[in-house]
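As structure tokens, the structure follows; a few thoughts come after it.
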Ligand code: SF4
């Protein structure tokens, strides 16, 4: 299949270029603790060897930034750093990496009185000084609150889109064009729609595609494949990540899956006539990263999938997240949500917190809630 790609500009990231003049790059993210230098360097190298064009590492503290300096010396992978709330860390990490990712929805937590424009200007100054690219990474679970307020809560797509476009315009106004954009959601249909709408307005900006919290293989790969097939076959997408909930030693499977999907699309082996079933149980779980607060999270995600099999025929979404950074926000849209702390797992029904439970009790408690929900819906529909 010959695919005519959108005419996106080229963005150099270390030894590769992202953009329509270059092959679509596959990337991933380390899930080890960043301060565990040996494990993180080993994982970055494993991802690089599997074919990762870029390897992203989360940095949330000065200690993480110090660890990154040692990791940098131990890998030849192109490195991206994932900044969440602490935009000031850009100054420490920019000399060490090839790309900085910031999330517009996370710029509000630190130095609340400072306008976001000043924070972004600071990040861009660091990127320019140290020869880095930038990704504006918009995520469904942490959209800029000012954008969310403007729209009907049922419309989750327009606030994401507006936030991305606003940041693009701001970077343009600074004369900085070495940036790419991502718009991620856990629902492949929303990923398709928001990226199509963005690409119509900004066909020049390279897009990083991904379905966030896609979950465990094979379901996580299937959800991602559906979105990638629809977008890439329309010429949209310059780099991709397949986010999978897998143990650390299996992280390179994200790269293998991404490469396979791209190879299948270019050979015309597409399967997305099969839409995701909307009348069935949907488990979403984050791919884990260095912010996971208890490694039991990956096992818990698998146990939730196993325990809930009996509810397969019910249109219920359960989200399982690994940490407090994105867990509380990204479980809001699920019918039932779990986000993992160091010792306890927090349980939610929609946006309502139901309490925190030890790891060995959470499955029983989740089952109770699931049974209530099924019973309530059965009564409601009879
Ligand atoms: S929810 Fe937390 S642990 Fe999971 S991928 Fe997102 S930031 Fe990482």
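Computed values, structure above
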read-out: Count of residues meeting criterion [under 25 Å from residue 315 (Cβ atoms) and surrounded by 16 or more Cβ atoms within 10 Å (Cβ to Cβ)] in segment 358-373; value: 7
read-out: Any hit, segment 169-187, residues being outside any strand (DSSP E or B) and farther than 22 Å from residue 129 by Cα; value: yes
read-out: Residue count for segment 88-117, restricted to those that are more than 11 Å from residue 59 (Cβ to Cβ) and either in a loop (DSSP other than H, G, I, E, B) or not assigned by TED's automatic domain parsing to the domain that holds residue 46 (or both); value: 11
read-out: Extreme residue, nearest to the ligand (Cβ to nearest atom), among residues of segment 344-355 that are without any contact (Cβ under 8 Å) to a residue 24 or more places away in the chain and surrounded by 20 or more Cβ atoms within 10 Å (Cβ to Cβ); value: 346
read-out: Some residue of segment 294-305 being outside any helix (DSSP H, G or I), without any contact (Cβ under 8 Å) to a residue 40 or more places away in the chain and within 16 Å of the ligand (Cβ to nearest atom); value: yes
read-out: Residues located in segment 292-310, provided they are surrounded by fewer than 18 Cβ atoms within 10 Å (Cβ to Cβ) and touching a helix residue (DSSP H, G or I) at 6+ places or on another chain (Cβ under 7 Å); value: 303, 307
read-out: Residue in segment 89-98 that is buried (at least 19 other Cβ atoms within 10 Å of the Cβ), under 18 Å from residue 209 (Cα atoms) and touching a residue at least 60 places away in the same chain (Cβ under 8 Å) present; value: no
read-out: Segment 196-234, subset closer than 15 Å to residue 24 by Cα and within 16 Å of the ligand (Cβ to nearest atom), residue surrounded by the fewest Cβ atoms within 10 Å (Cβ to Cβ); value: 208
read-out: Single residue of segment 324-343 satisfying the filter (more than 21 Å from residue 306 (Cβ to Cβ) and without any contact (Cβ under 8 Å) to a residue 40 or more places away in the chain) that is nearest to the ligand (Cβ to nearest atom); value: 324
read-out: Test: residue 186 is assigned by TED's automatic domain parsing to the domain that holds residue 223, surrounded by 16 or more Cβ atoms within 10 Å (Cβ to Cβ) and at pLDDT below 95; value: yes
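Residue-wise test of (1) assigned to a loop (DSSP other than H, G, I, E, B); (2) within 16 Å of the ligand (Cβ to nearest atom); (3) over 17 Å from residue 54 (Cα atoms).
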{"position": "236", "(1), (2), (3)": "yes, no, yes"}
{"position": "240", "(1), (2), (3)": "no, no, no"}
{"position": "244", "(1), (2), (3)": "yes, yes, no"}
{"position": "270", "(1), (2), (3)": "yes, no, yes"}
{"position": "287", "(1), (2), (3)": "yes, yes, no"}
{"position": "309", "(1), (2), (3)": "no, no, yes"}
{"position": "319", "(1), (2), (3)": "no, yes, yes"}
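The values are calculated or read from the model by the stated rules, or taken from the named source; none is laboratory data. As the structure is a computational prediction, the values presented were derived from the model and not from experiment. Using ideal geometry, Cβ is built from the backbone for each residue, glycine included, and neighbour counts are taken over all protein chains shown.
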